[in-house]
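Visitor: Right, I'll just put the structure down here and ask away after.
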Amino acid sequence: MNFPPPSEKQAQIIWFSLTTLAVAIVLSAIGGILWTLGFLVNKLATLILPLAVAGIIACLLDPLVDLFHQRMKIPRVRAILLVFLIGVALVLLMLGTVVPELVVQANKLVTNLPEYSDDLRNRLSQWLASSPLGQKAREAWDQEIGLRVQQALKDIVPFLSDWLLAHIGSFAVLMAYAVGLALVPVYVFYFLLEKAGIQSSWTDYLPVRESQAKEELVFVLSSINDCIIVFFRGQILVSICSGTLLGLGLSLIGLNYAVLLGAVAAVACILPYIGAVITFCLAAILAGVQFGDGGHLLMVAGIFALVQVAEGLGYAPRILGNRVGLHPLTIIICVMAGTKLMGGILGGLLAIPVTAALRTIMFRYVWKKPAGAPPPPTNPHVAHLNQPS
């Protein structure tokens, strides 16, 4: 039976349907691949996490190893051992100087926390008693919020019991993590030792035959690797500088636990902007409890503002440059999205280099690069791939 050829409109509908089906198949395949990768990552987390930690540490130590090996002509194995020795010495120095003060301040904070809580509650009660707005808030608290708190206190004991019973089996997982983290120094040593071999031959082990598609894959993976290295190597140094300045500034105004807050900031500020906000909230609460006036709160806000200005205009551009290439608002959005989608602080931390890598890919394949814009960063052995497709 012969069918008449489709009309122009019918042909458009047929092609649109086929295109939609093809897009759905591609999206389903991508979703299946991502689900499989997530499943494998979850199952191999005890192996992947130590390797990831070792990779970050190796990226941080690699410039120092290259300095000893290339400029001072020290054999690479000895250069690595020398860097390890310097690292151990710095750790011992911190254990002998900074860490004891952190422990003292942390113990003091834990000891005084009930007193601070009572003081804060008394001040809040006084405000509720004297302020008309506070009286309305107190009525709302008594009628609704108080009932919710009572119900939560009744439910917390069964919740904790169920949680403990559900996580008893995680002891073996924790032991596996401990064993994996104990092997981090070994992984770091071999990553640093085999750096040249990894850089020169990693493309040979990709399961793709030599073709234009493989060259594009090498470019994408190299861009992602460069973004991750640039971010972690630079942002950790930036956060250490910010934590040190904040600790010194808070010490100058006489705030208790200034050293502890500086250490918290040195860790939290790895998350740009978000870490500074978290640390500021902690410092503001402690300043309000300790001094009870607005002047010291303004001093705390001024210190954080000065450190943020110094970071944004001073040392951060010199350390990071424009190699990550993300707008501050983009960083805030991707950090919040990462903490929601990938879970926790680690997700927010990984969201920044992942977003930077996606930006590089979009500029290569989707967006038109502005005239005179610098090429995206790549490794030297794939520099020829920066040419337009």
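Visitor: Restricting attention to the range 9-16, does a residue exist that is at pLDDT below 85, exposed (fewer than 10 other Cβ atoms within 10 Å of the Cβ) and more than 24 Å from the chain's Cα centre (by Cα)?
Guide: The answer is yes, given that some residue of the range 9-16 is at pLDDT below 85, exposed (fewer than 10 other Cβ atoms within 10 Å of the Cβ) and more than 24 Å from the chain's Cα centre (by Cα).
Visitor: Would it be correct to say that Thr279 is in contact with a Leu (Cβ under 7 Å, 6 or more places away or on another chain), within 15 Å of Gln308 (Cβ to Cβ) and part of a helix (DSSP H, G or I)?
Guide: Considered against the rule, which asks whether it is in contact with a Leu (Cβ under 7 Å, 6 or more places away or on another chain), within 15 Å of Gln308 (Cβ to Cβ) and part of a helix (DSSP H, G or I), Thr279 comes out as yes.
Visitor: Residues in the range 57-78: is at least one closer than 20 Å to Gln290 by Cα and assigned to a helix (DSSP H, G or I)?
Guide: Looking for residues that are closer than 20 Å to Gln290 by Cα and assigned to a helix (DSSP H, G or I), one finds none in the range 57-78, hence no.
Visitor: Take Val26 and decide whether it is assigned to a helix (DSSP H, G or I) and exposed (fewer than 11 other Cβ atoms within 10 Å of the Cβ).
Guide: Yes, satisfied.
Visitor: Looking only at the range 313-363, count every residue that is hydrophobic (A, V, I, L, M, F, W, C) and modelled with pLDDT under 65 and tell me the total.
Guide: The number of residues fulfilling the criteria is 4.
Visitor: Give me the helices (runs of 4 or more DSSP H) completely within the range 174-253, filtered to those with at least 3 residues that are surrounded by fewer than 14 Cβ atoms within 10 Å (Cβ to Cβ) and not aliphatic (A, V, I, L, M), ordered by residue number.
Guide: 195-201
Visitor: What are the residue pairs meeting all of these: first residue in the range 245-262, first residue assigned by TED's automatic domain parsing to the domain that holds Glu101, second residue crowded, with 18+ Cβ neighbours inside 10 Å and outside any helix (DSSP H, G or I), Cβ atoms under 9 Å, and 6 or more apart or on different chains?
Guide: Within 9 Å, no pair qualifies.
Visitor: Leu260 versus (1) touching a Pro at 6+ places or on another chain (Cβ under 9 Å); (2) surrounded by 21 or more Cβ atoms within 10 Å (Cβ to Cβ): which is the lone unmet condition?
Guide: All conditions pass for Leu260, except number (1).
Visitor: Shifting gears a bit: Only one residue in Pro380, Pro376, Pro388 is more than 28 Å from Gly262 (Cβ to Cβ), at pLDDT below 65 and buried (at least 19 other Cβ atoms within 10 Å of the Cβ), so which one is that?
Guide: Among Pro380, Pro376, Pro388, only Pro376 is more than 28 Å from Gly262 (Cβ to Cβ), at pLDDT below 65 and buried (at least 19 other Cβ atoms within 10 Å of the Cβ).
The values are calculated or read from the model by the stated rules, or taken from the named source; none is laboratory data. Only a predicted model underlies this, so the values are computations on that prediction, with no experimental measurement involved. Reconstructed Cβ throughout: ideal geometry from the backbone, glycine too, with neighbour counts over all protein chains shown.
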